[in-house]
1. For all pairs of alpha-carbon atoms in the chain, what percent lies in each bin of width 10 Å, listed from the first bin to the last filled one?
2. Which of Leu176, Pro139, Val123 sits closest to the plus end of the dipole of segment 117-189, meaning its Cα is farthest towards the positive end, when Lys and Arg get +1 and Asp and Glu get -1 on the C-beta?
3. Quick one: if the Förster radius is 51 Å, what FRET efficiency do Glu151 and Met313 give, using the C-beta to C-beta distance and rounding to 0.05?
4. Please give the length that would be gained between Leu213 and Ile18 if that part of the chain were fully extended, namely 0.36 nm times their separation in residues minus their C-alpha to C-alpha distance (nm, one decimal).
5. Top mean-square fluctuation among Ile104, Ile275, Ile72, Gaussian network model of the chain, C-alpha springs under 10 Å?
6. What range in the chain is the longest one free of GluC sites (Glu not before Pro) that are in a loop by DSSP and have at most 12 other Cβ atoms within 10 angstrom?
7. Would you mind getting me the FRET efficiency between Glu290 and Asp203? Use the beta-carbon distance for r and R0 = 25 Å, nearest 0.05.
8. Net charge near Arg152: determine it from the other residues with C-beta under 12 Å of the C-beta of Arg152, scoring Lys and Arg +1 and Asp and Glu -1.
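Read-outs: derived from the displayed coordinates by stated rules, not from any lab. It should be emphasised that the depicted structure is a prediction, and the values quoted were computed from it without experimental measurement. Here the Cβ positions follow ideal geometry from the backbone for every residue, glycine too, while neighbour counts run over all protein chains shown.
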Amino acid sequence: MNNQQPYLSVRNLQTHFILDEGVVKAVDGISFDVYPGQVVGIVGESGCGKSVAIKSVLGIIEKPGRIVGGEILLRRHANGNGHGGAEVIDLAKLDAHGQEMRSIRGAEIAMIPQEPMASFSPVHTIGNQIVETILLHQPVGKQEAERIAVERLREVGVPSPEQRLTAYSWELSGGLRQRAMIAMALSCNPRLLIADEPTTAIDVTTQAQVLNLLRSLQQQHNMSIIFITHDLGVIAQIADYVVVMYLGRVMETGPIDDIFHAPKHPYTRALLKSIPSIQAKSRTPLPTIEGSIPHPFNRPQGCPFYPRCPDFMPGTCDQRTPGLQPVNERQSASCFLYPQVTEEASR
Ligand SMILES: Nc1ncnc2c1ncn2[C@@H]1O[C@H](COP(=O)(O)OP(=O)(O)OP(=O)(O)O)[C@@H](O)[C@H]1O
Ligand code: SF4
Ligand SMILES: [Mg+2]
């Protein structure tokens with residue numbers, strides 16, 4: 001995978017919410033790459049900045065949030081097949097409401113949002129909304145758009161798709177609505193699909209089906225996926241590569257096998273310990289990570305994880321912020337346990 005160029009490169013991205021009470025550094029200098037055909041899982045506890053990170057990529061940050069630094073580099077190929085000459089666009093510099101960003105959002109990069117109801121309007125039929133999306137981004141007429149909509153619904157396993165076109169989202173079961181949302185996101189053949197916790201509201205069996213479906217669609221279309229979840233168990237089922245976030249920063253990155261079998265960062269280790277075990281007796285309390293996440297206005301100096309870290313080194317971890325640096329050939333970690341990791345340059 002690494003002989004290819006990344007499709008998306010996020011570099012030192014900072015997205016802050018500037019409030020009267022203070023500044024929430026929701027995303028505070030994160031970097032990661034997404035290669036063509038790769039499924040990247042972003043994982044971390046609630047509030048660590050996963051949604052803000054990907055909303056930054058799509059230019060849909062709510063006010064008073066804004067990107068205050070960094071780059072979001074998208075590599076586009078003129079012929080669309082991943083080969084030939086490419087242009088690199090910095091999405092962080094584009095006008096979020098401008099023509100170029102609108103042509104990328106929903107077409108080249110599509111999203112399944114965290115709030116299921118945000119995907120479909122309750123007053124228009126599923127068919128109308130998918131057809132509208134296709135008409136907006138593709139040079140086709142209404143009849144062809146309807147044909148594509150039916151094809152996409154069939155592809156995601158919605159039974160009798162022709163009839164479903166006239167259904168409203170609230171008439172569908174949770175599982176079917178999820179599939180219709182995926183069909184809408186795929187309607188314009190995106191090169192990157194961003195799925196924000198798409199399976200939290202559905203039962204475990206449906207969840208497994210949706211994950212399998214996403215994986216097989218990803219292979220058929222050779223698209224990249226950024227999959228966001230707080231659940232490492234879900235990441236294990238879908239991702240090739242993992243980005244572990246904590247308090248707006250990246251703690252560790254690496255291939256899925258290394259993250260699960262040889263985690264390097266104390267936070268990743270703590271997250272792994274908190275996965276419920278199938279063997280655990282039903283009355284065994286779920287292990288949780290010691291300590292609580294600091295309030296966004298009271299972020300610690302130094303390593304953000306130090307107040308909860310079992311390996312905390314006084315005088316080092318509370319004074320300096322570790323950069324995200326390679327700790328072996330495949331993994332990077334931001335932790336001073338590794339002598340090769342140095343203080344982040346800009347801090
Ligand atoms: N509109 C907003 N105004 C102020 N702060 C915000 C806003 N949206 C998000 N934040 C803050 O930014 C931080 C990151 O939020 P984000 O929604 O990205 O977390 P998350 O990792 O997606 O969590 P979850 O797993 O609960 O979805 C949090 O501290 C949150 O309170
Ligand atoms: S830098 Fe220090 S506090 Fe932070 S994770 Fe590493 S050992 Fe723990
Ligand atoms: Mg979120």
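1. For the chain, the pair-distance distribution reads 5, 24, 32, 25, 11, 3, 0.
2. Projecting each Cα onto the dipole axis, the largest value belongs to Leu176.
3. Numbers: r = 57 Å, r/R0 = 1.12.
E between Glu151 and Met313, to the nearest 0.05, is 0.35.
4. Values: separation 195, 0.36 × 195 = 70.20 nm, distance 3.93 nm.
Full-extension gain reported as 66.3 nm.
5. Ile275
6. On the way: sites that count: Glu21, Glu62, Glu290, Glu329.
So the longest stretch without any such site is 63-289.
7. Details: r = 31 Å, r/R0 = 1.23.
Working from the Cβ atoms, E equals 0.25.
8. Values: positive: Arg147, Arg154, Arg164, Arg179; negative: Glu146, Glu151, Glu155.
Residues near Arg152 contribute +1 overall.
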